[in-house]
Amino acid sequence: MKTIEIGRFSDLAQALSTAGYRVAAPVDDGGVVRFKEWTKGREIALGAVPVDSVKDFLFPRSEVVARFALEEAGAFTPVPVERFAPKTVALGVRPCDAAALAALDAVFNWDYRDGSYNARRAATTVVSLACAKADAHCFCISVGGAPDGTAGADAILRPADGGSKLVFEALSDKGRLLEAMVSDGQAVPDAPAALKKRFDPAAVGRWLAANFESPFWKEAALACLGCGACAYACPVCHCFDLQDESDRKECRRLRNWDSCGFGLFTLHASGHNPRPDQSARWRQRVMHKFSIYPQKFKTLACTGCGRCARLCQAGMAIAETCERIEALGR
């Protein structure tokens, strides 16, 4: 058995850094726990769910995808874009966030294999952390996950001996490469967090398929501010926009995160917007996660992390919407 003393967890991060890995982990960032690149001497905050996820390291918020040199004669010359894909270990990834990688893998390899995403994915080893506790916003059980689920992870850390230790279990060849950095020991794994199933996603999907024009959407979205916090915090959301910027010497094409909750997301050049209000946009968000995406990729676009509800300034929660939808379908 491989074990780690919880108080010496940063020693593992240091060993990985010394071995040449970029280390990503949940760290305190001005009073907010974020999933960021770890640096020597920084405490890793394993006790809290970070406000963001490992998605940021695989699908950056803004990324240059093409460059063109501007010649004096007005010609454009393509310039190769170097892919940034350092060898990385993501430590302390929540099982809901690791499970989200299957959805990202599918969408970035659908009709086109995204070279930048796949290069970072191949270079990243995901070490998840089983959840011994859950809050009122957690609902991974409802969408096929588990507090100690292993989907998407190369290794998993399980709290043990009342939280004083972590048991390391390799799940893939990538994970097994890290075993030598973890000491042998004995520990009794703690029970994972206890959660009850809140709704049946299949029942939600059936109601959605038959109720696109339901008046339910107007009432359900009244509080939505259209701020996009839910999409930006979500480990699965993957919408992006392409924008060009230039100076006198170069033009750069950027891929930037976007959100279906924004009013400009579907605005046509003609001025027509097929989703003209927040009720249409909230409907799109729910339908994409529980109807549209599952129909295409045979998996949900939600892993029950609960971040959207924790961060929503209007108190909206997609799990509560799904509970109401299931009740309407009975």
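The values are calculated or read from the model by the stated rules, or taken from the named source; none is laboratory data. The structure presented is a predicted model; accordingly, all values stated were derived computationally and were not measured. Quick reminder, even Gly has a Cβ in these numbers, built from the backbone with ideal geometry, and neighbours come from all protein chains shown.
In the set Asp148, Asp173, Asp154, which member is out of contact with any helix residue (DSSP H, G or I) (no Cβ under 9 Å at 6 or more places or on another chain), modelled with pLDDT of 95 or more, within 23 Å of Arg94 (Cα to Cα) and of a type in the set (D, E, K, R)?
Asp173
Which residue, of Arg281, Arg307, Arg285, Arg275, is free of Cβ contacts under 8 Å to residues at least 24 places away in the same chain and over 24 Å from Ala66 (Cβ atoms)? Break it down stepwise before answering.
On the way: Arg281 fails: free of Cβ contacts under 8 Å to residues at least 24 places away in the same chain; Arg307 fails: free of Cβ contacts under 8 Å to residues at least 24 places away in the same chain; Arg285 fails: free of Cβ contacts under 8 Å to residues at least 24 places away in the same chain.
Of the residues listed, the single one that is free of Cβ contacts under 8 Å to residues at least 24 places away in the same chain and over 24 Å from Ala66 (Cβ atoms) is Arg275.
For the condition within 17 Å of the chain's Cα centre (by Cα) and surrounded by fewer than 20 Cβ atoms within 10 Å (Cβ to Cβ), what is the one hit in Ala100, Ala151?
Going through Ala100, Ala151 in turn, the sole match is Ala151.
So if I check each of Pro78, Pro26, which one is closer than 27 Å to Cys308 by Cβ, in contact (Cβ under 8 Å) with a residue 12 or more places away in the chain and in a strand (DSSP E or B)? Can you show your working first?
Values: Pro78 fails: closer than 27 Å to Cys308 by Cβ.
After applying the criteria, what remains is Pro26.
Please go through the range 121-133 and pick out each residue that is of a type in the set (S, T, N, Q) and either surrounded by fewer than 19 Cβ atoms within 10 Å (Cβ to Cβ) or touching an Asp or Glu at 6+ places or on another chain (Cβ under 6 Å) (or both).
Thr125
Could you say whether any residue in the range 273-284 is under 22 Å from Ala209 (Cβ atoms), modelled with pLDDT of 95 or more and under 17 Å from the mean Cα position of the chain (by Cα)?
For the range 273-284, residues under 22 Å from Ala209 (Cβ atoms), modelled with pLDDT of 95 or more and under 17 Å from the mean Cα position of the chain (by Cα): absent.
Of the numbered conditions (1) under 19 Å from Phe290 (Cα atoms); (2) in contact with a Ser or Thr (Cβ under 8 Å, 6 or more places away or on another chain); (3) surrounded by 14 or more Cβ atoms within 10 Å (Cβ to Cβ), Lys197 satisfies every one except a single condition; which is it?
So Lys197 meets the others, but not (3).
Filter the range 215-236 for residues that are in contact (Cβ under 8 Å) with a residue 60 or more places away in the chain and part of a loop (DSSP other than H, G, I, E, B); which is nearest to Lys289 (Cα to Cα)?
Of everything passing the filter in the range 215-236, Val236 is nearest to Lys289 (Cα to Cα).
Output the residue which, of all residues in the range 75-106 that are in contact with a Lys or Arg (Cβ under 9 Å, 6 or more places away or on another chain) and of a type in the set (D, E, K, R), is nearest to Arg34 (Cα to Cα).
Asp97
Determine which single condition Gly306 fails, assuming it passes every other condition in (1) small (Gly, Ala, Ser); (2) crowded, with 19+ Cβ neighbours inside 10 Å; (3) at negative phi.
(3)
Please verify whether Asn118 is assigned to a helix (DSSP H, G or I) and surrounded by fewer than 18 Cβ atoms within 10 Å (Cβ to Cβ), treating the condition exactly as stated.
So Asn118 passes the test.
Taking the condition modelled with pLDDT of 95 or more, surrounded by fewer than 19 Cβ atoms within 10 Å (Cβ to Cβ) and either in contact with an Asp or Glu (Cβ under 7 Å, 6 or more places away or on another chain) or at positive phi (or both), does Gly74 pass?
No, not satisfied.
For (1) closer than 26 Å to Ala193 by Cα; (2) in contact with a Ser or Thr (Cβ under 7 Å, 6 or more places away or on another chain); (3) basic (Lys, Arg), each residue gets a yes or a no:
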{"residue": "Ala19", "(1), (2), (3)": "no, no, no"}
{"residue": "Arg22", "(1), (2), (3)": "no, yes, yes"}
{"residue": "Val27", "(1), (2), (3)": "yes, no, no"}
{"residue": "Gly41", "(1), (2), (3)": "no, no, no"}
{"residue": "Pro50", "(1), (2), (3)": "yes, no, no"}
{"residue": "Thr88", "(1), (2), (3)": "no, yes, no"}
{"residue": "Ala102", "(1), (2), (3)": "yes, yes, no"}
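Which one of Ala48, Ala66, Ala85 is out of contact with any Phe, Trp or Tyr (no Cβ under 9 Å at 6 or more places or on another chain) and more than 30 Å from Gly149 (Cβ to Cβ)? Quick ask: steps written out before the conclusion?
Working: Ala48 fails: more than 30 Å from Gly149 (Cβ to Cβ); Ala85 fails: more than 30 Å from Gly149 (Cβ to Cβ).
So the residue among Ala48, Ala66, Ala85 that is out of contact with any Phe, Trp or Tyr (no Cβ under 9 Å at 6 or more places or on another chain) and more than 30 Å from Gly149 (Cβ to Cβ) is Ala66.
With respect to Ala99, is the statement that it is more than 19 Å from Ala123 (Cβ to Cβ) and touching a helix residue (DSSP H, G or I) at 6+ places or on another chain (Cβ under 8 Å) true? Before the answer, list the steps.
On the way: more than 19 Å from Ala123 (Cβ to Cβ): yes; touching a helix residue (DSSP H, G or I) at 6+ places or on another chain (Cβ under 8 Å): yes.
Here the answer is yes, as Ala99 does meet what is asked.
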